[in-house]
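Enquirer: One structure, as structure tokens, below. Some questions next.
The values are calculated or read from the model by the stated rules, or taken from the named source; none is laboratory data. Small disclaimer: the values here were computed from a predicted structure and weren't measured. A quick note on method: Cβ atoms are made from the backbone with ideal geometry, for glycine too, and the neighbour counts reach across all protein chains shown. Protein only, heavy atoms only, side chains kept; ligands, DNA and RNA dropped before computing areas. Shrake-Rupley method; radii C 1.70, N 1.55, O 1.52, S 1.80 Å.
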There are 2 protein chains.
Amino acid sequence: MSKRQIKLGAFLSPTGHHAAAWRHPDTNPAGATDFEHFRKLAQLAEAAKFDAIFTADSDGLWRGTGDRTLRAKSGHSAGSSFEPITLYSALSAVTRNIGFVATASTTYNEPWHIARKFASLDLLSGGRAAWNVVTSGNANAAYNFGLGGHPEHADRYRRAEEFVEVVKGLWDSWEDDAHVYDKASGIYTDPDKLHELNHVGEYFNVKGPLSVPRSPQGHPVIVQAGASEPGRELAAKTAEAIFAAWQTLEDAQAFYRDVKNRAANKYGRNPDHIKILPGVYPVIGRTEQEALDKKEQLRQLIDPEIGLSLLASLGGSDALRDYDLDGPVPQDLPETNNNKSRQRLLLDLAAREQLTIRQLYEWVAGARGHRVIHGTPDSIADQLEEWFVSEAADGFNLLAPTYPGGLVDFIDLVVPILRHRGLFRTEYEAATLRGNLGLAIPENRHTAARHARRSA
Amino acid sequence: MSKRQIKLGAFLSPTGHHAAAWRHPDTNPAGATDFEHFRKLAQLAEAAKFDAIFTADSDGLWRGTGDRTLRAKSGHSAGSSFEPITLYSALSAVTRNIGFVATASTTYNEPWHIARKFASLDLLSGGRAAWNVVTSGNANAAYNFGLGGHPEHADRYRRAEEFVEVVKGLWDSWEDDAHVYDKASGIYTDPDKLHELNHVGEYFNVKGPLSVPRSPQGHPVIVQAGASEPGRELAAKTAEAIFAAWQTLEDAQAFYRDVKNRAANKYGRNPDHIKILPGVYPVIGRTEQEALDKKEQLRQLIDPEIGLSLLASLGGSDALRDYDLDGPVPQDLPETNNNKSRQRLLLDLAAREQLTIRQLYEWVAGARGHRVIHGTPDSIADQLEEWFVSEAADGFNLLAPTYPGGLVDFIDLVVPILRHRGLFRTEYEAATLRGNLGLAIPENRHTAARHARRSA
């Protein structure tokens, strides 16, 4: 049994995760729509033996709600870029080992289309696809699908659970040896190994079979991110990798234990088959001073109008406009209707750390709730190792402040240290994402049933 | 003004268009799910300077209705392969000039998803995407989307028309110069050049804007195939390329005139901006005898059970089971309910050509209604030139009997003759599909409106 090692994902964003990354002198502000930019990022991550690259997604464009100038300045976060499954399909042709985690919502899609597109990407890439299952929290999307309003949280999760069930059923339409290809007899398929699903449920009626056979990894890997109660349940039941956001070791450990215990005790799953990958936002310098300088450089690029708009969840975009940016964050703001927990989190943080308004938006402009790790390469490696060995994480999803610069820093300065400590691979273990993450290949349900009948 | 030249598309299918192609000794029966196979086909067609490759699509798997053996033998036509937009996205990364015509149905999709995926492919490929707009004639698909039955023909076409209108509207969300990218001032977009659609119609309410900017060709090319009355109307109104199936020069000329006249007179369009590309099924030999031998080789590979199943539209899969395969096609079969025109076409053909049952299914097994061109390379070139110069075609969509063999034959033997006659390009004229097809770039509607306001 080989030593447990850190799994690494690179959470790509066109110019970087800092809100002002696009204004940094080293970034390409047009990267969002430049395939060569993404090809370079994917090939960098692959050369460094990352497990996967990851992208977020939304079925609506975020436009901001402020005035003309604010909209002009916040356009970088609008999300105008490639659709993830098409982008990853293109990247699959110019890479060999790295995995592709594509976000796709269960709220405004049909299981047939999602099952088919991920199965196709998985087959095209030789078994490197993963689906980050989300529900759309963004009401902007609703208006692109002829709906007057946005479905409730609980309703979205019930739909998501059934959606995943249908998709996994469709992925088992073809048993692995369903194709016969016997030119002499004219037999192309074994009809006993091609199966209809005939799902009839609360949200979906889907007959099948799917028109795409299984890939070398059986099913695309199922990824999830939600930390709410229904999010944890769905993750414990179906997720194989979890992208979490935790600030403290204790919170991360509690989440890690909770999800792995639920998976084992409630759903009879092997807890090693769920990889928990908290997000980390690394600011790396050859010296402490260089790391501080890098942080300062991005800090100075935050436009105050953008900064205040990042605090809109405190009570609307204008809530703080009449306060002194360098004074304390007021604690007596009226409670918001639609993002209570986010408002609470920010107010508590500001009180605990005694932050000014400017300091609070600078905090949000960086890691956006993810853990900031900051310092020299050795210190960064220490911070990762601590969480890894204390069962707070099986690996990390890296949110670089800028791309490609922040990723290159991590690869050049931190990865060699992790390798030296035996914490990260020097070569891929497998050609599939499942193989590299150490996840089992799900046996086709119909093949399993046949085996069970035979041994009964 | 340069001389008018033939436009060429290669209609790919995994092993070829002949029903027995997968049993041919030269084909790879697993090609349907082998990306390298498609990469080779795309690169062959690109090296020969074809305008585009084309694939069909369905949102349901065709499974046949016969017994176990028949289903085993007809599995090759089930359609288990890559989803076209993912396949083309992957191919876009390993090609530079060839266009990609992806079929996608308006019946079981949402305009947002189709607009977004084609826009993304168009941007990834640098302006080489085309959307073949179809309505789903296949009731199998309905059962994958929770619907009890299949919508009526007229209803499907009304939905298709509105669907295309919404998609084109979404493609104009961003004006071409909407991105400013000014790092110094922090201005990323010009908010006056990003537009909501706010479509409210019979089938769709879609707010927009789309999250993908325009590509170098403005919009993906709109392709259509229907020859019915509503199909012709939709084509005259919106199509920029038409894939048609005609047997005789006269029928093809009449269709060509009809669609171009409707486009010009009813919709005020430039008839040169609709390219009509009938399907042709070429059987090519260095000598007439070699062409006959090739035809015979495939003919002998047709399993009689498969052959009879291809005539199911004459009255169900068992309608002809008690007749002598080498006797005449009976003309007194009961009229079918759901494919009257196809039944009539086959019975008329059998009567006119005095075909036996075996000869009729052999005809269907080959070109499936498309024009068969057969003979030496010079004769093939003559047959193409005749239709091209007599305004029956602006080019052709090639249905090779086998892949890659049939495509290689055409490229090696026929393309040089077309070039020698000045009928086909020696180099691409442009980097975009629109540029190679000689189609205009549609001006963004909002930019056009601003220009109109200024000059008013």
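Enquirer: Between residue B:368 and residue A:202, what is the FRET efficiency for a Förster distance of 35 Å, r being their Cβ-Cβ separation, to the nearest 0.05?
Expert: Computed FRET efficiency for residue B:368 and residue A:202 comes out at 0.25.
Enquirer: Taking each residue of B:19-26 in turn, how many C-beta atoms of other protein chains fall within 10 Å of its C-beta, and what is the average?
Expert: 2
Enquirer: Right, next: Would you tally the net charge around residue A:429, using a Cβ to Cβ cut-off of less than 12 Å, leaving residue A:429 out, and scoring K and R as +1, D and E as -1?
Expert: Values: positive: A:7, A:49, A:425, A:434; negative: A:51, A:427.
Result for the local shell: +2.
Enquirer: With the label 7 angstrom out along Cα to Cβ, how close does residue A:420 come to the same site in each of the other copies, in nm, nearest first?
Expert: Copy-to-copy label distances for residue A:420: 6.9 nm.
Enquirer: Another question, then. Could you work out [θ]222 nm for chain B from helices alone, using -39500 (n - 2.57) per DSSP H run of at least four and dividing by all its residues? Round to the nearest 500 deg cm²/dmol.
Expert: Roughly -11000 deg cm²/dmol at 222 nm, from the helical runs in chain B.
Enquirer: Compute the label-point distances linking residue B:247 to its equivalents in the other copies; points lie 7 Å from Cα along Cα→Cβ; give nm, one decimal, shortest first.
Expert: Between copies, matching label points for residue B:247 lie 7.6 nm apart.
Enquirer: Further, regarding this structure: Nearest 100 Å², what total accessible surface is buried between chain A and chain B (probe 1.4 Å)?
Expert: 6600 Å²
Enquirer: If you don't mind, there's one more thing I want to ask. With a cut-off of 8 Å between alpha carbons and a minimum separation of six or more residues, what is the relative contact order of chain B in percent?
Expert: Value for chain B: 23 percent.
Enquirer: Whole-Hz ³J(HN,Hα) for each residue in the range B:154-166, computed from phi via Karplus 6.51 cos²θ - 1.76 cosθ + 1.60 with θ = phi - 60°, x for glycine and proline: what do you get?
Expert: Per residue, the Karplus-derived 3J(HN,Hα) values read 5, 4, 4, 6, 5, 4, 4, 5, 5, 4, 4, 4, 5 Hz.
Enquirer: Is there a pair in A:168/A:237; A:237/A:275; A:237/A:266; B:117/B:207 whose C-alpha atoms are over 20 Å apart, and which pairs would that be?
Expert: none
Enquirer: Additional query: Excluding same-chain residues fewer than 8 positions from residue A:295, which lysines have a Cα within less than 20 Å of its Cα?
Expert: B:183
Enquirer: When ranked by the protection proxy of mean other Cβ atoms within 10 Å per residue, highest first, what sequence do the peptides B:209-216, B:139-146 form?
Expert: Taking the mean over residues of other Cβ atoms within 10 Å, the ranking is B:209-216, B:139-146.
Enquirer: If amide hydrogens are placed 1.01 Å from N in the peptide plane, which non-local residues have theirs closer than 5 Å to the one on residue A:205?
Expert: B:146
Enquirer: Inside 10 Å of the C-beta atoms of A:212-221, what's the mean count of C-beta atoms belonging to other chains?
Expert: Working: counts 9, 5, 1, 1, 0, 0, 0, 0, 0, 0.
Averaged over the peptide's residues, the number is 2.
Enquirer: Could you derive backbone 3J(HN,Hα) for the range A:322-332 from the dihedral phi with the Karplus parameters 6.51, -1.76 and 1.60 (θ = phi - 60°), listing whole Hz in sequence and x where the residue is Gly or Pro?
Expert: After applying 6.51 cos²θ - 1.76 cosθ + 1.60, I find 8, 9, 6, 4, 9, x, x, 6, x, 9, 9 Hz.
Enquirer: What are the distances, in nm and sorted shortest first, from the label point of residue A:334 to the label points of the same position in each other copy, with each label point placed 7 Å from Cα along the Cα-to-Cβ direction?
Expert: Between copies, matching label points for residue A:334 lie 7.3 nm apart.
Enquirer: Now, a different point. Could you give each residue of the range A:172-188 its phi-based ³J(HN,Hα) in whole Hz, using Karplus coefficients 6.51, -1.76, 1.60 with θ = phi - 60°, and x for Gly or Pro?
Expert: 9, 4, 9, 6, 4, 10, 6, 8, 9, 6, 8, 4, 5, 8, x, 8, 9
Enquirer: Taking R0 as 25 Å, what's the FRET efficiency between residue A:390 and residue A:264 from their Cβ-Cβ distance, rounded to 0.05? Display every interim value, and only then the final one.
Expert: Details: r = 19 Å, r/R0 = 0.77.
In this case the efficiency is close to 0.85.
Enquirer: Beta carbons within 10 angstrom, averaged per residue: use that to sort the peptides B:4-10, B:408-414, highest first.
Expert: B:4-10, B:408-414
Enquirer: Moving on. For residue A:7, enumerate residues with amide H under 5 Å from its amide H, sequence gap 5+ or separate chain, H modeled in the peptide plane.
Expert: Amide H neighbours of residue A:7, under 5 Å, 5+ apart: A:395, A:396.
Enquirer: Sorted by accessible area (1.4 Å probe), largest first, how do B:361, A:181 line up?
Expert: On the way: B:361 5, A:181 60 Å².
Most to least solvent-accessible, the answer reads A:181, B:361.
Enquirer: Also, I was wondering about something else. On the full set of protein chains, 1.4 Å probe, figure out the accessible area of residue B:335 and give it in Å² to the nearest 10.
Expert: For residue B:335, solvent-accessible area is about 140 Å².
Enquirer: If you don't mind, another one. Can you tell me the relative contact order of the range B:292-365? Whole percent, Cα pairs under 8 Å, sequence separation 6 or more. Don't jump to the answer; show the numbers that get you there.
Expert: On the way: 66 pairs, mean separation 28.9, N = 74.
Reported relative contact order: 39 percent.
Enquirer: So who's got an amide H within less than 5 Å of the one on residue A:372, skipping anything under 5 residues away but keeping other chains? H placed 1.01 Å off N, in plane.
Expert: Here the answer is A:281, since their amide H atoms fall under 5 Å of that of residue A:372.
Enquirer: At 0.36 nm per residue, minus the direct Cα-Cα distance, what do residue A:430 and residue A:30 gain on full extension? Give it in nm, one decimal, please.
Expert: On the way: separation 400, 0.36 × 400 = 144.00 nm, distance 3.43 nm.
Roughly 140.6 nm would be gained on extension.
Enquirer: Just tell me how shielded B:85-98 is by partners: mean number of partner chain Cβ atoms within 10 Å of each residue's Cβ, no decimals.
Expert: The mean count of partner-chain Cβ atoms within 10 Å per residue comes to 6.
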